[in-house]
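Just below is one structure, and these are the notes that go with it.
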Amino acid sequence: MLKPLMRSLGPVVARAPLAEAARAGAGALCGLGLVGLLLLSPGVDLATGLYLVAPFGATSVLLFAVPNSPLAQPWSAVVGNTVAALVAVAVCLCVADPVLRIALAVGLAITATMLCRAVHPPAGAVAMTAAMSPEAIDRLGFWFALTPIASGTLALVALASLYARLTGRHYPARQVPPQALPDRAAASEARLSLSEPELTAILERYRQSFNIGAADLARLIGAAERQVLDKQSGPLTAGGIMSSDLITVGPETGMADVADLFRRHRFTSLPVVGPGARFYGVIFQIHLIERAREDALRLERSLLAAFRRLLSPSTGAGATAADLMSVAGPRAVAGTPASVLLGLMAEQEVDAVPVLERGRIIGIVTRTDMMAALVHRAAVGGG
């Protein structure tokens, strides 16, 4: 009985790497230092309202330590702190009793920020700071919400964004619709057949919408999928799945020959290689179709030219494999896990991933190879 109780009182946050903890601490140091030096006077200046307040320290924790949290985003930080300040000033001007003033300011600030979709924990401290400083509020009035609160928070948000870029992080969090940017979150949503509103509804159902965003949830579910597949498939890797008896083309191979290979072998992709099996790129069927469509449009411009091209056996001979191939697609090595290959195919929307070794192609994994391997694994496991 005592042991579960003690465990429940222990830390629930994952252990932070030393480098990440140092990065967050250094960010808060730089952020508050620059705000204090450049934007705010070191003392309390009630004439201009330019001074540091304690809630900025709490805001710095969110902006620099957990920048992906919905509570740390610019809207939550700036609007949350500012709305809390406005509410607290109004309460200060109406309520004289200090205990009631403080409790009422914080309670109403929480309600107001939630209604504004701008929950930011330091906003409660902003309201309490205002309620505990009636002299400053009498002097500044609603100007207190603009400066120091809004101006100071804006400065911290701007510095946090700059610091995130300099240290390889993303702030503000990229909240974009899946159709606008085909990033990993969008690919995860597409693979799950769950839209952003549906993911948001899941978060709201479990009362987690203040702790994690829909894009982050999609990434976590995608990562969990890959982890489960790794456990189920065991040591299934690209080297064990790939087709190694390859038919390839050179960069100078004509479009007609490429089309003939696709037709005879019913391929969905063809690797383009140079001397010594040096990998250059991959031609997918869609590339051939798009090139044929472009040729057809050109043929339509001149009836005579179209007639000559249709009668000629060298249709499309001007295009070569080098013109058709894709060089920016995903690649793998023999030890790449099957779960990663599935993710690459889904995210990049390709039907095959070449397997390379020191720049030379040693095989290719197609969707057919992947399905055959997974079905075989399931059959063996079921037997």
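The values are calculated or read from the model by the stated rules, or taken from the named source; none is laboratory data. Just so it is clear, the model here is predicted, and its values are computed rather than measured. Positions of Cβ are backbone-derived with ideal geometry, glycine not excepted, and every protein chain shown enters the neighbour counts.
Here are the numbers for this structure:
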{"read-out": "Segments classed as helices (runs of 4 or more DSSP H), wholly inside segment 46-164, with at least 1 members that are at pLDDT 95 or above and more than 30 Å from residue 19 (Cα to Cα)", "value": "80-94, 98-115, 122-131"}
{"read-out": "Residue selected from segment 324-350 under the condition of a type in the set (D, E, K, R) and over 17 Å from residue 279 (Cβ atoms), by the criterion surrounded by the most Cβ atoms within 10 Å (Cβ to Cβ)", "value": "347"}
{"read-out": "Selection from segment 236-287 of residues that are at positive phi, loosely packed, with under 15 Cβ neighbours inside 10 Å and not in a loop (DSSP other than H, G, I, E, B)", "value": "276"}
{"read-out": "Residue 115, sole failed condition from (1) closer than 25 Å to residue 139 by Cα; (2) surrounded by fewer than 23 Cβ atoms within 10 Å (Cβ to Cβ)", "value": "(1)"}
{"read-out": "Residues being modelled with pLDDT of 75 or more and either under 17 Å from the mean Cα position of the chain (by Cα) or among the polar types (S, T, N, Q) (or both) - total across segment 201-211", "value": "0"}
{"read-out": "Residues of segment 91-112 satisfying the condition of being touching a residue at least 12 places away in the same chain (Cβ under 8 Å) and among the small types (Gly, Ala, Ser)", "value": "105, 109, 112"}
